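Chemist: Structure incoming, see below.
All of the numbers you see were taken from the coordinates with simple rules; none came from a lab. As the structure is a computational prediction, the values presented were derived from the model and not from experiment. Here the Cβ is made from the backbone with ideal geometry for all residues, glycine too, and neighbour counts use every protein chain on show.
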Amino acid sequence: MRIAVRSIAFALLVVGATSAYAGPGKKMYDEFAKQGQIYDDPRWQDYVQKIGQRLVAYTTDPKGEFHFTVVDTSDVNAFALPDGYIFVTRGLLAYLESEDQIAAVIGHEIGHVVLHHAAKKNLMSAFGNVAGFIGAVVTGVGQVRDVSNQATDTLVMGYGRDMELQADQHGVEVTAKAGYNPFAMIEVLQVLKDQEEFSTQIGGQQKTYHGVYASHPQNEKRLHDALEGSAKYLPAEAVEPVGDFWAMMDGLVYGNQAGSGMVKDRSFYHEGLRIVVTFPEGWDVSSTSQTVLGVSPGGKAAGNITFQRQGAPKAKQTPKQYVEETLKRDDVKSGEELKIGEYPAYIAKVELKDKQTASMIADVFKDGSTYLFKGEAGENADPASFEANFRATVQSFRAMVPGDLKVANRQRIKVIEAKPGDTYAALARRSSLRDHAEETLRLLNGDHPHGEPRAGNPIKIVQ
C-alpha cells in the first residue's frame, strides 16, 4: 500500500484535556468547515462515523461524545482531540484496504483521548491557534507557523514509546471487541513502511514517521505482544462490517491535482493556498512552480498578466505601502486602495515604457501572504480594454470553496477485478497518474515494491 509522496504518515495528535466544554476539536471542525475541507461525501462521513461509534462502545472510558470526520485533503493523516473529535483524511483512506484497517487507525486515536495523553504531556496550551495548526498539519502553508517547539516535536515524533504503546494496546483491545481483525494494525504499519521506502527512492530523502510509528520498528515486539493477547477479546460470532469497503472506495477522490497549483480552463486553483484566480475569456493560461501567466488572444505582446505569491508584508503595512516600500516601485501612478472580497488590495497604473500602451500592478493580502499581479500591453493593444481585463483578473481573486475542489481535483479511484495477466505496468498506461504511475498503483494496492495483481482480487486504479 502506498501513501502520496508529499505526505508522510499519521500525525497522531491530541491537543487539550476534557470533553466537557467547546474545546479545540469543535473549533477545529468549524475551521475545517469554514475552509471547505470537510470531505463532501455523506456516505464516507456516515461510514467513518459508524466505525468510530462501534469502537467507542467498547472503550474503557467512553465519557462524553465522540465525533468522526473525513477531511478533504490528500495528506495522509489521522489525529484526535480530547473533546472527542477525531479526524481522518481521504488521503489516508485511499491507501487502506479494509474496514479493519480503518478501525485500527481510529481505535488508536480513541486511545489517545481516553488515556488523556495530552494532559499528561502538558500540551494544554501548545496548540491554541487552531487555524495555524490546520495550516501546519494539513495544508503546510498556514497563516501561523509559530507553534511551540513542544507541539512541533509532538507532531513529528508522537507521544513517545510508552504512550504510543498504550494507545496501541487500547486500539487492539477495542478493535478486537468490536469484531475487527486486531492484526490490521500491523498491516497499517506496513503501509507506512512502504511509504518510507518509496519516498526515499523517489524523493531522494528520508521521511520521518509520526505518532505511533515514530517508535517502530524498535517497538514492534511490544506491539506483537499486545496483539497476541487480543484473541481473548474477540466476540464468539463473526460481526458484519459496517459497510461495503470496496463499494465505498470506488469513486473516492484521489490525490491533489490542485495541491501545488493547477490550471483548468481559464482559472488557476491552488488548494494549499486556498485561492482561485480567473483570467479573461479567450486568454491562454499556464503556470510554473513560481508564476501564473495569462496571455491575451493576440499574443503576449498584445497583453499579458502574471500572478505570483510574495513574502509576508510588514506589520501594519498596507498593500499600497508594500508596493511602494517593499517592492520600492517609484513608477506607480493613479493607484486605488480597495477590498477584493474580504481582502485588502491595491491596483495602480505604471509609467509606460517604449512600445507599451498599458502597464499595471496590483497586490492582494490574504492569510499573511502578498499576491502580486503585473500586466502590460503592447503598442497595438487597446489600453482601456487591457485595463478592464487586468482589473477583472485581480478582482476574480478569491478563497477556494468546496465546489472548486470538485472542479480542480477530478481524479477518482476506480475499483476493478484483476484479470489473469494484468500487470501494474499495463494498468498504469490506462491511469490518469502522471508521475511514477506503476509504482503508485503498487503502493495503493499493498504490492510494493515488486508485486503484481492477483486474478480475482479487487484492484484500485486511478482515473
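Chemist: List the aspartates and glutamates whose Cα lies under 13 Å from the Cα of residue 232, skipping any in the same chain that are fewer than 8 positions away.
Modeler: Of all the aspartates and glutamates, those that pass the test against residue 232 - Cα under 13 Å, at least 8 places apart if same chain - are 173.
Chemist: Also, quick follow-up: Got a sec to turn the phi values of the range 366-378 into Karplus ³J(HN,Hα) couplings, 6.51 cos²θ - 1.76 cosθ + 1.60 with θ = phi - 60°, whole Hz, x for Gly and Pro?
Modeler: Ordered by residue, 3J(HN,Hα) equals 8, 6, x, 10, 10, 10, 10, 10, 9, x, 8, 10, x Hz.
Chemist: Oh, and also: Could you pull out every residue, at least 5 positions away or on a different chain, whose amide H is within less than 5 Å of the one on residue 366? Hs are placed 1.01 Å off N in the peptide plane, and Pro or chain starts have none.
Modeler: Close amide H contacts, sequence-distant or interchain: 371.
Chemist: Where does the range 63-112 land on the Kirkwood hydrodynamic radius, alpha-carbon pairs, in angstrom?
Modeler: Result for the range 63-112, one decimal place: 11.0 Å.
Chemist: When the scattering of the range 404-463 is computed by the Debye formula from its Cα atoms alone, each counted once and equally, what is log10 I(q)/I(0) at q = 0.27 Å⁻¹?
Modeler: -1.15
Chemist: Ranked highest first by the average count of other Cβ atoms within 10 Å around their residues, in what order do 408-415, 360-367, 313-320, 160-167 fall?
Modeler: In descending order of packing, they fall as 360-367, 160-167, 408-415, 313-320.
Chemist: In addition: Can you tally the net charge around residue 304? Count Lys and Arg as +1, Asp and Glu as -1, for every other residue whose Cβ sits under 11 Å from the Cβ of residue 304.
Modeler: That works out to 0.
Chemist: When 1/r is averaged over all different Cα pairs and the result inverted, which Kirkwood radius in Å belongs to the range 17-115?
Modeler: Its Kirkwood hydrodynamic radius stands at 13.4 Å.
Chemist: Next question. What is the local net charge at residue 425, summed over the other residues whose Cβ is closer than 14 Å to its Cβ (Lys, Arg +1; Asp, Glu -1)?
Modeler: Spelling it out: positives minus negatives among the neighbours equals -2.
Chemist: Taking amide H atoms as placed 1.01 Å from N in the peptide plane, list the residues 5 or more away in sequence, or in a different chain, whose amide H sits under 5 Å from that of residue 335.
Modeler: 349
Chemist: Follow-up. List every residue whose amide H lies under 5 Å from the amide H of residue 38, counting only residues 5 or more places away in sequence or on a different chain, with H placed 1.01 Å from N in the peptide plane.
Modeler: Amide H to amide H, under 5 Å and 5 or more residues apart or across chains, residue 38 pairs with 72.
Chemist: Going through the cross-link list 406/460; 27/460; 264/314; 366/414; 320/406, which pairs have a Cα-Cα distance over 30 Å in this structure?
Modeler: Check vs 30 Å cut-off fails for 27/460; 264/314; 366/414; 320/406.
Chemist: Further, regarding this structure: Which order do peptides 448-458, 98-108 fall in by mean Cβ count within 10 Å, highest first?
Modeler: 98-108, 448-458
Chemist: Can you bin the range 289-405 into rounded, prolate or oblate? Criterion: square roots of the alpha carbon gyration tensor eigenvalues sorted a ≥ b ≥ c, rounded for a/c under 1.5, prolate for a/b above b/c, oblate for the rest.
Modeler: The shape class here is oblate.
Chemist: Assign one of three labels to the range 252-357, namely rounded, prolate or oblate, based on the Cα gyration tensor with a ≥ b ≥ c the square roots of its eigenvalues; rounded applies when a/c is under 1.5, prolate when it is not and a/b is larger than b/c, and oblate otherwise.
Modeler: oblate
Chemist: Take each of the peptides 236-247, 182-193, average the number of other beta-carbon atoms within 10 Å over its residues, and list them starting from the highest.
Modeler: Descending packing order for the listed peptides: 182-193, 236-247.
Chemist: Residue 221: which lysines have alpha carbons under 18 Å from its alpha carbon, excluding same-chain residues fewer than 8 sequence positions away?
Modeler: Candidates past the 8-residue exclusion: 193.
Chemist: Report Rg/Rh for the range 354-440, rounded to two decimals, where Rg is the Cα radius of gyration and Rh the Kirkwood radius.
Modeler: Looking at the range 354-440, the ratio lands at 1.27.
Chemist: In the neighborhood of residue 320, defined by Cβ-to-Cβ distances under 11 Å, what is the net charge if each Lys or Arg adds +1 and each Asp or Glu adds -1?
Modeler: -4
Chemist: To continue, here is another question. Through the Karplus equation 6.51 cos²θ - 1.76 cosθ + 1.60, θ set to phi - 60°, convert the phi angles of the range 307-314 into ³J(HN,Hα) values in whole Hz; use x for Gly and Pro.
Modeler: Result, rounded to whole Hz: 9, 9, 8, 10, x, 6, x, 5.
Chemist: Could you give me the ³J(HN,Hα) list for the range 103-113, computed from phi with Karplus coefficients 6.51, -1.76, 1.60 and θ = phi - 60°, whole Hz, x at Gly and Pro?
Modeler: 4, 4, 5, 5, x, 5, 5, 4, x, 4, 6
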